[in-house]
Amino acid sequence: MRTQVAIIGAGPSGLLLGQLLIRDGISNVILERRSAAYVLGRVRAGIIETGTAALLDEAGAGARMHREGLIHDGIEISFGGEHHRMDFRRLVGKSVIVYGQSEITRDLMERRAACGAETLYEVEDVALHDVAGAQPKVRFRQDGVAREIDCEFIAGCDGSHGVSRQSIPAAVLRSYERIYPFGWLGVLVERPPVSPELIYAHHERGFALCSMRSPTRSRLYVQCRLEDQVSDWPDERFYEELRLRLAPGAAARVHPGPSLEKSITPLRGCVAEPMRYGSLMLAGDAAHVVPPTGAKGLNLAASDVHYLWQAFAGYFRNGSRAGLEAYSERALRRVWKAERFSWWMTNTLHRFPESSGFDRMAQRAELEYLASSTAAQTALAENYVGLPL
Ligand code: FAS
Ligand code: PHB
């Protein structure tokens with residue numbers, strides 16, 4: 001088999017890149033180790049920046065998002081029993097769209113199928129070869145049969161546990177990591193949202209987040225210990241803890257219901273540099289992970305894809321390597337700004353088990369400053385809605 005770009009991973013990064021390349025007549029094949037149903041079943045991100053929405057439109061996969069997504073002009077920051085609204089529309093003239101990652105994945109999968117493009121699901125033993133040489137190829141097994149793809153480039157879109165990042169020699173790869181001493185327990189429930197907009201709650205018992213997927217479906221989170229298991233958190237305990245961490249008015253609007261999904265995500269930030277090695281280009285979680293506090297993970301994957309799409313278009317259309325040479329540095333500049341914002345939101349809103357009295361007083365002062373300063377709120381708003389590409 002031969003193609004211009006072999007894409008490893010059919011998550012949002014791989015599917016979005018695949019669609020944009022098809023739009024520009026650049027052939028590509030996606031290799032995915034899981035089934036399509038498994039990929040669709042993962043409950044992950046929920047906040048879409050306007051830049052990401054524009055890319056989905058470019059890929060021809062934005063129509064349902066515009067029909068069903070919820071436009072949000074702000075968020076609530078809750079602490080000390082009070083709510084403080086961050087008014088994005090007033091502060092920076094922008095909004096975000098609430099629309100689940102699963103729906104984006106579904107829309108991109110359907111668009112790809114409609115274009116007749118090839119996605120090979122449930123492949124095994126994917127291995128990258130000659131990525132630093134003149135004839136890159138991907139070898140893998142499908143239904144027990146060994147197969148090979150000759151290509152000009154490999155896009156490593158295979159997430160934080162994929163094979164692509166590991167294909168960059170250790171002597172070349174630089175890794176940076178911040179592991180947080182807690183996780184998020186997330187619940188998906190068919191109940192109306194606690195509030196029309198998201199509530200990010202700081203409390204001495206721990207962080208909580210009230211988000212949503214639609215006017216009838218909520219996505220709720222509480223900070224939990226790293227050693228916790230889902231079995232430690234029956235629904236009753238989850239809702240009791242969520243209520244304790246919210247301001248009284250919001251707590252009264254929590255509607256318990258049977259969880260449709262319940263999972264624990266450890267929080268960490270990590271970046272692998274460079275994002276290019278020879279003909280291998282990393283994008284999305286394959287190159288970086290952010291704690292979900294800033295709602296940046298999916299959106300950062302989209303900005304990588306934006307830069308990579310432009311680089312491939314410049315090469316296959318005009319033979320220019322400029323975009324390819326600049327890709328890693330260009331993408332990383334935005335990656336590190338998103339890592340910083342996610343690190344700031346996580347440090348400001350969570351209860352750190354080992355924090356000193358001084359740390360807690362400084363954290364409280366940070367929140368009071370945010371609540372009282374238009375400059376501080378503008379800084380939060382411009383990062384949350386997405387910095388310019
Ligand atoms: P993905 O991990 O989504 O996709 C990579 C794909 O590659 C997967 O389908 C995987 O099966 C496949 N793959 C891996 N190894 C392979 C191999 N060797 N061969 C072939 N295929 C292979 N972000 C937010 O903004 N908000 C959130 O609330 C949020 N919650 C999250 C919860 C969890 C548990 C996780 C893990 C992430 C969360 N994220 C969140 C971040 C998440 O949304 C990612 O940023 C987003 O999925 C990135 O998309 P991809 O880069 O496509 O990686
Ligand atoms: C979500 O809806 O899953 C969500 C929203 C905002 C975040 C993280 C997760 O910061």
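The values are calculated or read from the model by the stated rules, or taken from the named source; none is laboratory data. Keep in mind that what you see is a predicted model, and the values were worked out from it rather than measured. Note that each Cβ is placed from the backbone with ideal geometry, even for glycine, and that neighbours are counted across all protein chains shown. Note: accessible area is taken over every heavy atom of the protein model, side chains too, but ligands, DNA and RNA are not part of it. Shrake-Rupley method; radii C 1.70, N 1.55, O 1.52, S 1.80 Å.
With angles folded into 0 to 90 degrees, how steeply does helix 357-372 sit against the dominant principal axis of the chain? Use alpha carbons for both and round to 10.
Here the helix axis deviates by roughly 90 degrees.
Give the separation of the Cα centroids, region 269-294 to region 315-389, in Å.
16 Å
Using only C-alpha atoms and all pairs of different ones, pull out the Kirkwood radius for region 202-287 in Å with one decimal.
On the way: mean 1/r = 0.0642 Å⁻¹.
Across region 202-287, the inverse of the average 1/r is 15.6 Å.
Over region 244-366, what is the relative contact order in percent, taking alpha-carbon pairs closer than 8 angstrom and at least six residues apart?
Values: 104 pairs, mean separation 26.8, N = 123.
About 22 percent, as a whole number.
Just to be sure I understand: if I project the alpha-carbon convex hull of the chain onto a plane and average over all orientations, what area do I get in nm²? Intermediate values should be presented prior to the final figure.
Numbers: hull surface 77.6 nm².
That works out to 19.4 nm², a quarter of the Cα hull's surface.
Take every Cα pair under 8 Å in region 306-352 that's 6+ residues apart, average their separations, divide by the length, and report that relative contact order as a whole percent. If you can, show how the numbers build up before the last one.
On the way: 23 pairs, mean separation 12.7, N = 47.
Result for region 306-352 is 27 percent.
With contacts defined as alpha carbon pairs under 8 Å and 6 or more residues apart, what's the relative contact order of the chain in percent?
Details: 791 pairs, mean separation 78.0, N = 389.
Computed over the chain, the figure is 20 percent.
For region 28-95, place one equal point scatterer on every Cα, skip the solvent, and apply the Debye formula. What is log10 of I(q)/I(0) at q = 0.21, 0.22, 0.23 Å⁻¹?
-1.06, -1.10, -1.14
For region 153-208 and region 73-90, what is the centre-to-centre distance using only Cα atoms, to the nearest Å?
Rounded to whole Å, the Cα centres lie 23 Å apart.
Give the Rg (one decimal place) followed by the Dmax (whole number) of region 48-139, computed from C-alpha coordinates and expressed in Å.
20.0, 62
In square nanometres and to one decimal, what's the mean projected area of the convex hull around the Cα atoms of region 1-50?
Values: hull surface 18.0 nm².
Projected area, direction-averaged: 4.5 nm².
What's the carbon and sulfur percent of the chain's accessible surface, probe 1.4 angstrom, rounded to a whole number?
On the way: 8270 of 16280 Å².
Of all accessible area on the chain, carbon and sulfur atoms account for 51 percent.
What's the angle, to the nearest 10 degrees (0 to 90), between helix 101-114's Cα axis and the longest principal axis of the chain?
30 degrees
Cα convex hull of region 98-246: mean projected area in nm², to one decimal?
13.6 nm²
In degrees, nearest 10, range 0 to 90: what is the angle between the Cα axis of helix 235-245 and the longest Cα principal axis of the chain?
70 degrees
Taking the Cα centre of region 273-339 as the origin, how large is its charge dipole in debye, to the nearest 20, when only Lys and Arg (+1) and Asp and Glu (-1) carry charge on their Cβ atoms? Provide the component values of the computation, followed by the final result.
Working: 8 positive and 6 negative charges, 43 e Å.
Rounded to the nearest 20 debye, it is 200 debye.
Over region 251-389, what portion of Cα pair distances is larger than 17 Å, expressed as a whole percent? Numbers along the way, then the final one.
Details: 6548 of 9591 pairs.
Above the 17 Å cut-off, region 251-389 has 68 percent of its Cα pairs.
Report the Cα-based extents of region 309-355 along its three principal axes, largest first, to the nearest Å.
54, 13, 12
Full extension from residue 251 to residue 125: what is 0.36 nm times the residue separation minus their Cα-Cα distance, to one decimal in nm? It would help to have the intermediate numbers written out before the result.
Numbers: separation 126, 0.36 × 126 = 45.36 nm, distance 4.85 nm.
My answer for the length gained is 40.5 nm.
Can you compute 3J(HN,Hα) from phi for each residue in region 183-191, using the Karplus curve 6.51 cos²θ - 1.76 cosθ + 1.60 with θ = phi - 60°, rounded to whole Hz and x for Gly and Pro?
Here the 3J(HN,Hα) series is x, 10, 9, x, 10, 10, 9, 7, 9 Hz.
Provide, in order from the shortest bin, the percent of all Cα-Cα pairs of region 173-324 in each 10 Å bin, continuing until the bin that contains the maximum pair distance.
The calculated distribution, bin by bin, is 10, 32, 26, 17, 12, 4, 0.
Loop-only check: which GluC sites (Glu not before Pro) in region 206-287 are DSSP coil with at most 13 other Cβ within 10 angstrom?
Details: sites: 227, 236, 240, 241, 261; in loops: 227.
Those satisfying the criteria are 227.
Pulled fully out, how much extra length does the chain show between residue 265 and residue 171, if you take 0.36 nm times their separation in residues and subtract their Cα-Cα distance? Numbers along the way, then the final one.
Numbers: separation 94, 0.36 × 94 = 33.84 nm, distance 3.04 nm.
Here the answer is 30.8 nm.
In square angstrom, what is the accessible area per residue of the chain with a 1.4 angstrom probe? Walk me through the numbers before you get to the answer.
Values: 16280 Å² over 389 residues.
Here the per-residue accessible area is 42 Å².
Test of understanding: what is the full-extension gain from residue 42 to residue 236, defined as 0.36 nm times their sequence separation minus their Cα-Cα distance? Walk me through the numbers before you get to the answer.
Working: separation 194, 0.36 × 194 = 69.84 nm, distance 2.36 nm.
Computed gain between residue 42 and residue 236 is 67.5 nm.
What ³J(HN,Hα) values, in whole Hz, does the Karplus curve 6.51 cos²θ - 1.76 cosθ + 1.60 give for region 26-41 when θ = phi - 60°, with x put for Gly and Pro?
Going residue by residue, I get 9, 6, 7, 10, 10, 10, 10, 7, 9, 7, 4, 4, 5, 4, 5, x Hz, with x marking Gly and Pro.
How many nm is it between the label spots at residue 226 and residue 118, if each spot is 7 Å from the Cα in line with the beta carbon?
Using points 7 Å along Cα→Cβ, the separation is 4.4 nm.
Show the residues, 5+ positions off or on another chain, whose built amide H is closer than 5 Å to the amide H of residue 276.
282
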